[in-house]
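Presented below is the structure to which this report refers.
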Amino acid sequence: MSNYTLTINTSAAARQALTRKGYNLVFAKGVSSGGEVDYNAAWIVLKPSEMSPSMKISWDVDYYANYTTSQLKNRAEIQGTGTDLKMDPGGAYVVDVNGELIVDQNVSPNPNPHKSSFAFHNDQGYSLEYVPILESLDDKGKRVPIWAASTGVSKNGLIAATPVEIVRVWAGKYEQGQAVLAEYATVGV
């Protein structure tokens, strides 16, 4: 689990300017696509009327992993999904011969407990390529994907997933949950 605290101080004049322009204060979390393009998701959106001169925002992040598979067999398309597994940053995980995502016992424990990436292996005889998915809890306690591999993990393969631990804050006309591709600043706050 990762713990974060963010303190935001605003003036009455800044909050009035936001109200006049119809802007919200947007807290956007970085999200990795698993490929070359990363984006931001509007995670918390505060209207000026919900803000105070000094705000302390604290949150915990728990990580879970799952995986998907896809295969053709006898002209039938088969889509599979694993079961969720709670993850520890720096841990190594593998899909075993029974199709379960488990902690990889063949990899020594990470000597650096502060490492943030997760390693997905496919070295214990799992015959299918699998695509790892990293998930976290949203504000309603539902697990939502925050990272998915761009390619599958083939036998004897490895993919390292590194969640984007970035929160950007700016004023804009976004609502909670919207994807934000490029705009990082509209009004300086």
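Read the figures in this text as sums done on the coordinates, not as results from a lab. Just so you know, these numbers come straight off a predicted model, no measurement behind them. Cβ placement follows ideal geometry from the backbone for every residue including glycine, while neighbour counts extend to all protein chains displayed.
Take every Cα pair under 8 Å whose residues are at least 6 apart in sequence, average their separation, divide by the length of the stretch 62-161, and the relative contact order is 28 percent. The charge dipole of the stretch 62-161, taken about the Cα centre with unit charges on the Cβ atoms of Lys, Arg (+1) and Asp, Glu (-1), comes to about 180 debye, rounded to the nearest 20.
For M87, nonlocal amide neighbours, meaning residues 5 or more places apart or on other chains whose placed amide H falls under 5 Å from its own, are Y63, Y64, A65.
Under a 5 Å amide H cut-off, with hydrogens placed 1.01 Å from N, Y174 pairs with N24 among residues at least 5 apart or on other chains.
With a ≥ b ≥ c the root eigenvalues of the C-alpha gyration tensor of the stretch 62-161, is it rounded (a/c under 1.5), prolate (a/b larger than b/c) or oblate? Oblate, since a/c reaches 1.5 and b/c is not below a/b.
Counted by Cβ distance under 14 Å from Q79, the other residues give a net charge of -1, where Lys and Arg count +1 and Asp and Glu count -1. Ranking I102, A161, V131 by how far each Cα lies toward the positive end of the dipole of the stretch 62-161 (charges on Cβ) leaves V131 at the top.
So for each of 65-76, 92-103 I average, over its residues, the number of other beta carbons within 10 Å; can you give me the resulting order with the highest mean first? Before the final figure, lay out each step's value.
On the way: 65-76: 13.1, 92-103: 16.8.
Most protected by this proxy first, the peptides run 92-103, 65-76.
Straight Cα distances below 29 angstrom link K56 to the lysines K21, K29, K47, K86, K115, K140, K142, K173, with same-chain residues fewer than 8 positions distant left out.
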